[in-house]
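A.B. asks: This is the structure, below, for whatever I ask next.
What follows is calculated from the coordinates using simple rules that are stated; it is not laboratory data. Just so we're clear, the structure is a prediction, and the values are computed from it rather than from any experiment. Cβ coordinates were reconstructed from backbone atoms using ideal geometry, including for glycine residues, and neighbour counts include every protein chain displayed.
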Amino acid sequence: MDPLKKAERTILVSLWDNHHRPDDTQVRELTGLVEAAGGQVVGTLSQRRDNIHQGLGKGALADLGDKVSELDASTVVSDIDLSPSMLSQWSRSLPGRVRVLDRTQVILDIFAQRATSREGTLQVELAQLRYLLPRVGAYRISERSGGGIGTRGPGETPLEMDRRRLRYRIQRLSQELDSVAAERKQRRQRRAAHELPLIALVGYTNVGKSTLFSRLTGSSPMIADALFVTLDPTVRRIEVPGFGPALLSDTVGFVDRLPHALVNAFHATLDEVRDADVLVVVTNGSDPERDHQLTATQSVLQEVDADEIPQIVVSNQADRVPPLDQHPATLWISATTGQGLQTLWDVLRRQLLEYRQAITLFVPWAQKETWQAIYQSATIIQRQDEQEGSWLAITCANQQRYQFIAFESHDRTPPW
């Protein structure tokens, strides 16, 4: 979090109808987002509306103005996206220098604070500019000049640019990201040429994916108790016991109702999820909202067309949950202590063996083409040389098995 001298005093606004009444989960999530962006929640206001897209009624808007004055709030955050007209109406109706933001802008602000790589910075700026373009005229520039939530990264840029220049900047960013996407696609194609399966860690933000990634790979990505620490996917080669090499990817954390602006801007990043052979869906088993996390994750996977990929669902932080409270049908692990990781490795091996076949061969030394094919498209798990050739236990992609059928051991017993 970008440190501030004084946390911004923030009031949360929830609009709901008969079909989508807000619950404590949504309020807690929005509170966490505001706090991650540098705010302090000092009050809430909610109203039922037949059509939430009409915004607050006149009476509720007046009550909100009274709360702003009473609580000395500097920021109001809506749980639903605000149209340009609603944003303008709220800004004109509320007293003083209060800023009006919505949930998407808060998430974009957090992303702007977290972005460090060139790709991440480009993606965040593009998402912010696309979202703010139709809302440029709704802000009062003098009220946003002091910085704060919603102004990190290029957040203030639209206030200083006319729409023509802004559209030109969006076009340039899109072109740069297309170039980055092409580079990432080439890397994925090179990985696919080596027939290595891709395992992607996915899940709600701040459930321990990066800690698990570190534990499985032995590397040290940035790990912190904060939202959206990982913006850029990190890919490492791993050895799955009993299977062989594979690739493991740590991806951006999801959140309930992931803003479309982010889905569109982060399409290159989310391709790592779509291209995976197996998804390890990580949840926080010690969080009472674990089921909500899982539902939100499945919703995002469906939105990015990745819901048909085989999944392994794990509950992290098993060290914080008494054994009697751990549901026996759930794969419990602790990325911190290593508890349950052997079971996870076993499940991964069984899942990957559906992608690659494990076979035993006896290959004569004279079969040079076969040896070349083994080194190019298979993984040797076990080997024992003899005078006429070598016994091999290998794994290979299903479509590559035809090259080795003639050498599979059927009438002889391997030496191990």
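A.B. asks: Pop a pseudo-label 7 angstrom from the Cα along the beta-carbon direction at both GLN326 and ALA62 and give the gap in nm to one decimal.
C.D. replies: About 5.8 nm, to one decimal.
A.B. asks: Per-residue counts of other Cβ atoms within 10 Å, averaged by peptide: what ranking do you get for 206-213, 129-136, highest first?
C.D. replies: Top of the packing list down: 206-213, 129-136.
A.B. asks: Mind checking the full-extension length gain between THR336 and ARG118? Use 0.36 nm per residue of separation minus the Cα-Cα distance, one decimal, nm.
C.D. replies: 75.5 nm
A.B. asks: For an R0 of 56 angstrom, estimate the FRET efficiency from the Cβ-Cβ distance between ARG383 and SER46 and round to the nearest 0.05.
C.D. replies: Working from the Cβ atoms, E equals 0.25.
A.B. asks: Let me ask something additional. Counting only C-alpha contacts under 8 Å and six or more residues apart, can you give the relative contact order of region 357-407 as a whole percent?
C.D. replies: Answer for region 357-407 is 47 percent.
A.B. asks: Might you report the magnitude of the Cβ-based charge dipole of region 376-416 about its Cα centre, with Lys and Arg at +1 and Asp and Glu at -1, to the nearest 20 debye?
C.D. replies: 200
A.B. asks: What FRET efficiency comes out for GLN186 versus ASP72 if R0 is 60 angstrom and r is the Cβ-Cβ distance? Round to the nearest 0.05.
C.D. replies: Approximately 0.65, to the nearest 0.05.
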